[in-house]
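One structure follows; several queries about it will come next.
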2 protein chains.
Amino acid sequence: MAQKPSIPKGTRDFSPAEVAKRNYIIQTIKKHFETYGFQPIETPSFENSETLMGKYGDEGDRLIFKILNSGDFISKVDDVTYSSKNSNSLTPKISEKALRYDLTVPFARYVVMHQNEIDFPFKRYQIQPVWRADRPQKGRFREFYQCDADVVGADSLLQEVEFVQLYDAVFTDLGLTGATIKINNRKILSGIAEVIGAKHLLIDFTVALDKLDKIGEEKVKAEMLEKGISESAIAKAQPLFSMSGSASEQLAELKTLLSESEIGLQGVADLDEIITTVEAIGLQSASLQLDVTLARGLNYYTGAIFEVAAPEGVSMGSIGGGGRYDDLTGIFGLKDVSGVGISFGLDRIYLVLEELNLFPDSLDTSLDVLCLNFGKEEALAGLRLVSSLRKAGLRADLYPSDTKVQKQFKYADKRGVPYVILLGEQELTNGNFVVKNMKSGDQKAYKLDEVNQFAEALKADF
Amino acid sequence: MAQKPSIPKGTRDFSPAEVAKRNYIIQTIKKHFETYGFQPIETPSFENSETLMGKYGDEGDRLIFKILNSGDFISKVDDVTYSSKNSNSLTPKISEKALRYDLTVPFARYVVMHQNEIDFPFKRYQIQPVWRADRPQKGRFREFYQCDADVVGADSLLQEVEFVQLYDAVFTDLGLTGATIKINNRKILSGIAEVIGAKHLLIDFTVALDKLDKIGEEKVKAEMLEKGISESAIAKAQPLFSMSGSASEQLAELKTLLSESEIGLQGVADLDEIITTVEAIGLQSASLQLDVTLARGLNYYTGAIFEVAAPEGVSMGSIGGGGRYDDLTGIFGLKDVSGVGISFGLDRIYLVLEELNLFPDSLDTSLDVLCLNFGKEEALAGLRLVSSLRKAGLRADLYPSDTKVQKQFKYADKRGVPYVILLGEQELTNGNFVVKNMKSGDQKAYKLDEVNQFAEALKADF
C-alpha cells in the first residue's frame, strides 16, 4: 500500500517561491562577503564524531545528530558494552560520524588541516546547513543554514571595524534600514567581574547578565545572588544596569568603574578604537550601539562581542551575532591563532523581510514568457521562438500540450507570467506572433523573424 | 591533548579555488534551468526512513546513511530484538531518519505532499548534496551534489526535445563542445525482448546490454546466456550489436526488426518524433545520437533514456543522464503522474573542464584590489578608500597590519590580486594614492577624491 508521506519534525520543504526569497537573502550576503574580500569554503556535512564531540558542552553533545555505522555495526560491539544496554556507552561503538552542528568547529578543523595551503590572514565565508536535535518550535528548526564570515590570523581591530561595516552594507542592501549593531567586549565583562570581586564567577555573572533584555534587572540580580555572587558585588556592578548616554559617555563611565582592572581598561580602549573608527568612516543605515550588558551565551569569545537587533517595531530576537575568540584552532593543535567573525541569521532575516514587506516584487516572477500551444505545427514554431528567447537569456516556456486555451491561460495566471505569446494557425500563416501583456491586457504583434527585437524590448522592460 | 584532525573517508573539503570552480558550473546549469522555465525547490537533508527504504533495491537500502535516534534510544528497543544482537532487526528500532540518497524520491514525496499547491505541469530543478555509503574511489564520493531538472504531469514528447536542447545549452555555455547526447527508448528494449522471445527476462537482458561499452559484445552475450536467454534469442537480437548509420537509417532498421511488437513500434515512433523535432530546431554544439544499446542500470525508466558522453578524447564516463518514468509518484499514492528528467554530473563535469582547461581565468581572482597598510593614519585613509571601492561593487581589502611591505606584497602575489594600492605618508600628504598593476608593474596615481573614477576604470577592465 502507498505510504502517506511526511517529513521529519523540525525540517522543511522549500517551495519555488520560498527558495527564491531565501536565495535573494543568501546572494545579497554573499555579494558583500566577497566585496569585503572573504572567500568561500565548504566542508563535509558530517565530520568524524571526535571532531565535534566535547566542543559544545554536554547539552551540545546531546543535540548532535549521530550517524549509524554502515554494515553489520552490532557485531563490532563488545559483549560487556552490549550487555550494559546503555545508550551513552553504546553510541561511540556504533556511530563514528555526526552531522555538522555549526560552521565554526569545522572551520577550525579546516584551518588546521590546510594550514600549509592557506595564506594568512585568511578571510573565509561559509554558507551551509547545520543540524541540531533541538526541540522544534517557532523559528527554530533541526536543519537550518548558517551564514558565517570569519578572519583568522589577524589581531588588528580593523577587522572588528570591517564587520560592523559589513553588517551595515548587507542590511542596507536588503532594505532593512534601522538595524542596531550592539557591541561589547568580553574584557569589559572580565574587568567588571574583577573589580566587583567575582572573578571566579565570571561565567555565571555573564550568563545572568545576558538575560537582562528578556527577564529584567530584578531577576538577573536574583540569579546572580543564587549563583553565589554577593549582594555587595552586585551593588558595585549597579552602573551596568543603568548605563546610558552616547558611546563616548558610557566609555568614560566604564573607564572610571574599571580603573583598577588592567583587562577592563584594555576592553575600554579596544571599544573606543573600534567605535571611533566606525564613526570616522560612517555607516549607511545601521547604528552602532555600545551595550555593556551584551554577553551572549557562548563562552569562547575573548574580545569584541556583536549582536544585531532588527529595526524597532519588529519583534524578533537578534538577526546576527559574532565576536573575537583568541584561540580558535587550539583544540586541534594549532596555537595562538586569533579569529573574529560574524554570522547572519537567515531564517530570522527572512521573517523580518516578510513582515516589513521588503522582498522585491521581481522575486514573484519565475517565468517571463509563456507561449501557448495550439497544435503540432504551431507548437514547433512556438518551440523555435521559445528557444530564441531562452538564448537571449529570458525565462521562456511553451505549454506542453494543445489543451483548451482557457486552461493554458489559467496556468499562465497562476505562475504569474507577465507575457503570454499567441502563435496559432492565423499567426503562422502571417509569419508573426502576438504578445499579450497579462497585466494591462494590451496585445502587440511581432514578426517571427524579429524575435530578437522582442527579446530586447522585454529585457529592457525588467 | 589536541587531536590531529581528519575528515571521514569519501568526503571532501573544498578550498576557495575549488568552490569558485564548482559554483561556476552550478551557476551555469542553474541559469539554463531557469531560462527553460524550471523552478527550484529544496527538500530536507534527511527524510523519514520509510520514505527512502525499499526504493533503491537491497543494495541501495544498505548504502543509505541512517541517523541514530536522539536521547536514550536503546531503552526503546524491546528485549527480544535486543537479545538477537542483529544489526538488521535493530536498525529500525534505533533509527527513524536517513540521509537523502538521491533527489528523485524526495521530489516524488514533495509532489505528493504539495500536490494541492502545485500548478501542473510542474517543472522543478533541485541542486543539493546526496549521501551514499559506497566504497569511495576515484571520482566516487560519499557526499556529492546532484543537479536535477524534472517535469511532472506532462506527457508530451516536447519535454524530451527540450531536455536535449537543455543539455546542449549548458554544455555549449561551459565551452564543452562536442558532447554526445545518446538517446534510446525503453519501449524499444521491451520490444526487442518481446520479439526475441525473452520478454520475461527483460531486466536481465537490459542489464547485460547496458554493459556493451564496458565489456564488449562477447561478454554481453555470455552474460545473457548465463541469465537464461537462449542462443537463438540472442541471435535474433544480433542487429542491436551491429547497428550503425544515421538515426533515420537505424530507425528504419528497427521498424523492420520490431514489426511484430506494438510497444517496440511505439518506441520507434516516439524516438522518430523527438529526433526529427530536435533536428528541425538544431543544436548549438552537441550532437544527438540514437544508441539502441543504451539501457542504464536503473529500471524505472519507461520511455526515453538519455546519457551524455564527454567530447571524444576525454576518458570519462557519462556526464549526464535521465529519462522518462511513467509512475513517479505512485509509491506515495498519487497515480498516473508521468515524470521526465535529466541530471548533470557535477564532479565529472568538473574533471572534464579541468582536463580540457576550460575554466575561465577570471575564477582565479578572488580579490580585485588590495590596499597596503603603512600605519594607523594611513590605514584609516585606506579603509575609507576600500569602503568606497566595495560600495562600487569591487572586491577590495586593506591589509590588516602595517607589517613589512615586502610581506604584504607577497600576500598580494599569493592571492593573485591584480591591483595593489599604495597609500603611505607621502601620498596622504599629497591627497592621492598609487595603483600598481601587478602584472605589468605599471603604476598610476589617482586623487583620493577621485576614487569613483578609479573604480569605474577598474570595472571596465574586467
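The values are calculated or read from the model by the stated rules, or taken from the named source; none is laboratory data. These numbers come from a predicted model, not from an experiment. Cβ coordinates were reconstructed from backbone atoms using ideal geometry, including for glycine residues, and neighbour counts include every protein chain displayed. These accessible areas exclude ligands, DNA and RNA; they are computed on the full protein's heavy atoms, side chains included. Shrake-Rupley method; radii C 1.70, N 1.55, O 1.52, S 1.80 Å.
Quick one: Debye curve from the alpha-carbon atoms of chain B only, equal weights, vacuum; give me log10 I(q)/I(0) at q = 0.06 Å⁻¹ to two decimals.
-0.40
Can you check what the net charge comes to around B:Asp397, using other residues whose Cβ is under 10 Å from the Cβ of B:Asp397 (Lys, Arg +1; Asp, Glu -1)?
Net charge in that neighbourhood comes out at +2.
In addition: Please sort through the DSSP H helices of chain B and keep those with an alpha-carbon extent of at least 20 Å along the long axis and a Kyte-Doolittle average not below -1.0.
Membrane-span-like by this criterion, though nothing is claimed about a membrane: B:16-35, B:158-173, B:262-281, B:376-391.
Please give the charge dipole size of the protein assembly as shown, origin at the Cα centre, charges +1 on K and R Cβ atoms and -1 on D and E Cβ atoms. Round to the nearest 20 debye.
Dipole of the protein assembly as shown, to the nearest 20 debye: 1200 debye.
How large is the dipole of chain B about the Cα centre if only Lys and Arg carry +1 and Asp and Glu carry -1, each at its Cβ, rounded to the nearest 20 debye?
The dipole of chain B has a size of about 1820 debye.
Which value in Å does the Kirkwood hydrodynamic radius of the protein assembly as shown take, with 1/r averaged over all unlike C-alpha pairs and then inverted?
Hydrodynamic radius (Kirkwood, Cα only) of the protein assembly as shown equals 31.2 Å.
Please report the relative contact order for chain B, taking Cα pairs under 8 Å with a sequence separation of at least 6, and give it as a percent rounded to a whole number.
14 percent
How big is the A-B contact in terms of buried accessible area, both chains counted, 1.4 Å probe, rounded to the nearest 100 Å²?
9000 Å²
How much net charge surrounds B:Ile281 when only other residues with a Cβ under 12 Å from its Cβ are counted (Lys, Arg +1; Asp, Glu -1)?
0
What ranking, highest mean first, results for peptides A:9-17, B:371-379 when packing means the other Cβ atoms within 10 Å averaged over each residue?
Top of the packing list down: B:371-379, A:9-17.
With heavy atoms of protein chains only and a 1.4 Å probe, what residues of segment A:326-355 have at least 10 Å² less accessible area in the full set of chains than alone?
A:Ile331, A:Phe332, A:Gly333
What does the charge add up to near A:Ser246, with Lys and Arg as +1, Asp and Glu as -1, over the other residues with Cβ less than 15 Å from its Cβ?
So the environment of A:Ser246 carries a net charge of -3.
Taking a label point 7 Å from the Cα of B:Leu358 along the Cα→Cβ vector, which residues of segment B:146-182 have an amide N closer than 18 Å to it?
Of the residues in segment B:146-182, B:147-148, B:164-182 have backbone N under 18 Å from the label point off B:Leu358.
Here's another thing I want to ask about it. Find every distance from the label point of A:Arg135 to the corresponding label point in the other copies (7 Å from Cα along Cα→Cβ) and write them in nm, one decimal, shortest first.
Shortest to longest, the spacings are 4.7 nm.
Another question about this same structure. Could you quote the convex hull projected area for segment B:23-121, Cα atoms only and averaged over all directions, in nm²?
Quarter of the Cα hull surface area: 9.3 nm².
If you don't mind, there's one more thing I want to ask. Whenever you get a sec, compute what percent of the accessible area on segment A:303-462 sits on carbon and sulfur atoms (1.4 Å probe).
Whole-percent figure for carbon plus sulfur exposure: 46.
Let me ask something else about it. Please name which of B:Val152, B:Asn48, B:Phe122 has its Cα lying farthest along the dipole of the protein assembly as shown towards the positive end, using unit charges on Cβ (Lys, Arg +1; Asp, Glu -1) and the Cα centre as origin.
Farthest along the dipole direction, towards plus: B:Asn48.
222 nm [θ] for chain A, helices only, -39500 (n - 2.57) per DSSP H run of 4+, per residue, to 500?
Mean residue ellipticity, 222 nm, calculated: -13000 deg cm²/dmol.
Given axes a ≥ b ≥ c from the Cα gyration tensor, I'd like to know whether segment A:238-343 is rounded (a/c under 1.5), prolate (a/b larger than b/c) or oblate.
Taking the square roots of the gyration eigenvalues as a ≥ b ≥ c, segment A:238-343 is oblate.
Give me the one-decimal Kirkwood hydrodynamic radius in Å for segment B:307-417, with the sum taken over alpha-carbon pairs.
So the Kirkwood estimate lands at 18.9 Å.
What is the average number of partner chain Cβ atoms found within 10 Å of a Cβ in A:156-164?
The per-residue average across the peptide is 4.
Could you work out, residue by residue across B:62-71, how many beta carbons of other chains sit within 10 Å of that residue's beta carbon, and then give the average as an integer?
Going residue by residue through B:62-71 and averaging, the value is 6.
Sticking with this one: Mind giving me the FRET efficiency for B:Lys414 and B:Ser232? R0 is 51 Å, r the Cβ-Cβ distance, nearest 0.05 is fine.
So, using R0 = 51 Å, E works out to roughly 0.15.
If you don't mind, there's one more thing I want to ask. So what's the projected area for segment B:97-190, the Cα convex hull averaged over all directions, in nm²?
Orientation-averaged projected area of the Cα hull: 9.1 nm².
I would also like to ask the following. Within 10 Å, count the other beta carbons around each residue, average over each peptide in A:211-221, A:78-88, and list them highest first.
So the order, starting with the most tightly packed, is A:211-221, A:78-88.
So which GluC sites (Glu not before Pro) in segment A:50-158 are both in a DSSP loop and have at most 12 other Cβ atoms within 10 Å of their Cβ?
Hits after loop and neighbour filter: A:Glu117.
Right, something else. Give me the aspartates and glutamates in straight-line cross-link reach of B:Lys376: C-alpha distance below 17 Å, same-chain residues under 8 apart excluded.
Straight-line reach from B:Lys376, under 17 Å: A:Asp155, A:Glu160, A:Glu162, A:Asp270, A:Asp272, A:Glu273, A:Glu279, B:Asp397, B:Asp402, B:Glu425, B:Glu427.
What translational D, rounded to a whole number of µm²/s, comes out for segment A:399-453 from Stokes-Einstein when the hydrodynamic radius is the Kirkwood one over Cα pairs, at 10 °C and 1.306 mPa s?
132 µm²/s
Then there's this: So what are the radius of gyration and Dmax for the Cα set of segment B:166-300, in Å?
Calculated on Cα positions, Rg and Dmax stand at 15.6, 48 Å.
I've got another one for you. Can you flag which of A:Lys9/B:Lys76; B:Lys182/B:Lys255; A:Lys31/B:Lys31; B:Lys55/B:Lys227 are past 21 Å Cα-Cα?
B:Lys55/B:Lys227
What do you get when you divide the Cα radius of gyration of segment B:294-337 by 2.2 N^0.38 Å, with N the number of residues?
1.51
Taking the Cα centre of chain A as the origin and placing charges on Cβ (Lys, Arg +1; Asp, Glu -1), which of A:Thr256, A:Leu166, A:Val314 is farthest toward the positive end of the dipole?
Selected residue: A:Val314.
Full extension from B:Ala460 to B:Glu279: what is 0.36 nm times the residue separation minus their Cα-Cα distance, to one decimal in nm?
61.1 nm
Just grab the label-to-label distance for B:Lys439 and A:Lys439, each label 7 Å out from Cα along the Cβ direction, in nm (one decimal).
Here the answer is 4.2 nm between the modelled labels.
Specify which residue in the list A:Gly245, A:Ile229, A:Thr206 is farthest towards the positive end of the charge dipole of segment A:159-264, using unit charges on the beta carbon of Lys, Arg (+1) and Asp, Glu (-1), about the Cα centre.
A:Ile229
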